[in-house]
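Here's the structure, in C-alpha cells; my notes come after.
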Amino acid sequence: MIDLVHAQKVFKEYLKSYDEESGDIKLKIVHTYGIMEKSEYIGKKLNLNEGQIELAKLIALLHDIGRFEQRKSLKEFEDFKGLDHAEYGLQVLFKDGWIRKFIEDDKYDDIICKAIENHNKYQIQEGLTKEELLQAKIIRDADKLDNFRVKDTEKFENMFHYNPETIEYETISPIVYKTFMGCKQIDVKERKTQVDIWISYLAFIFDINFDASLQYIVENNYINRLIDRVEYKNEDTKIKMEEIRNCANVYVKERLKLDERKEY
C-alpha cells in the first residue's frame, strides 16, 4: 500500500536541512508537487488503475530529491557539471535508506529506481519491464509539463541564473537551430547561450510520450507563451524564433492528427 500523506510528511522532513525560502529551492519544491498533479492527470487520461496512479505520484514526489543537494553543493542545477541529480537521488533513497521512510513495502523498488534513473536522461534505456517503462514515460512527461509551467510563470533569476537583459540580444547557435528544426531534442552540451537553453525547453515537445501530454501543452498555449516571454532584439534571432514557433506548432498539430485514433 502506498500512503502518499505519510510520504509527503517524510519529504518535508528531508527538506528541513535546506533553505525552503530560497527562490530556487522553493521553485523545486513547488515543481515537485506540480509534477505529482501532472502524473495524476496523465494517469487518469491513460485510464490507469488507482495503484498505478498512486505509484506515479510517489515517483513524482521522489524523482527530484537529488536536486536539493545539487543546488546546495554546486549552487546551480546543471547535471553535466558534476552531480547528476537522478543518480544522487537514488543514492539518497536506496543507499542512505530514505526509501523505507517513504514506503515500507519494497515491491515497488525496481520500478521507482528505474523511473527516477531515466527521468532526466536524453532517452529511456532499453530493457525495462512493462511497468518500469510505463512509469518512466509518465514521470518524463509530467516533468516536462510542469517545466513548461515553471518557464511560463517563474522569475528569470530563479531559473538557471537567466539574465533577461542579455538574453534579449543573444543569437542562436547553429547546431541548436538545426536540431530543433529537425524536430529533435537538444543535447545540453550543445547549448552555448541563454537563448539556446530557452529553445531546448521548447524542444521538450519532441520527447513527449503520450498524446494527452501534448494536448495539455496545446491547451495551455505553452509553445507560444514561452516564445513570447522573451523580447528578441537581435534580428536574426527574432526571425529564427518565428521559424521555431511554426515548426513546433506544426509538429504538435500533425502528431496529434496522426495519433488521434491511437490507443494506449
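The values are calculated or read from the model by the stated rules, or taken from the named source; none is laboratory data. Being a predicted model, the structure only gives us computed values, none of them experimental. Neighbour counts run over all protein chains shown; Cβ positions are idealised from the backbone, glycine included.
A few notes on this one:
- Unmet criterion (only one of (1) under 16 Å from the mean Cα position of the chain (by Cα); (2) surrounded by fewer than 17 Cβ atoms within 10 Å (Cβ to Cβ); (3) of a type in the set (Lys, Arg)) for ARG149: (2)
- Within the range 1-25, the residues that satisfy the criterion of being over 23 Å from TYR108 (Cα atoms), of a type outside the set (Ser, Thr, Tyr), over 21 Å from the mean Cα position of the chain (by Cα) and not in a helix (DSSP H, G or I) are ASP19, GLU21.
- Per-region count, the range 177-197, residues surrounded by 17 or more Cβ atoms within 10 Å (Cβ to Cβ) and in contact (Cβ under 8 Å) with a residue 40 or more places away in the chain: 3
- Exactly one residue among TYR251, TYR201 is in contact (Cβ under 8 Å) with a residue 24 or more places away in the chain and under 21 Å from ILE139 (Cβ atoms), and that residue is TYR201.
- The helices (runs of 4 or more DSSP H) found entirely in the range 132-240 that carry 2 or more residues being modelled with pLDDT of 95 or more are 174-181, 194-202, 211-219, 222-229.
- Just one of the listed residues (LYS72, LYS44, LYS28) is in a helix (DSSP H, G or I), loosely packed, with under 15 Cβ neighbours inside 10 Å and at pLDDT below 95, and it is LYS72.
- The requirement of being β-branched (Val, Ile, Thr) and farther than 19 Å from LYS38 by Cβ is fulfilled nowhere in the range 213-223; no residue meets it.
- The range 210-241, residues that are among the polar types (S, T, N, Q) and crowded, with 19+ Cβ neighbours inside 10 Å: SER213, THR237
- In the range 49-61, the residues that are within 15 Å of GLU132 (Cα to Cα) and either buried (at least 19 other Cβ atoms within 10 Å of the Cβ) or without any contact (Cβ under 8 Å) to a residue 24 or more places away in the chain (or both): ILE53, GLU54, LEU55, ALA56, LYS57, LEU58, ILE59, ALA60
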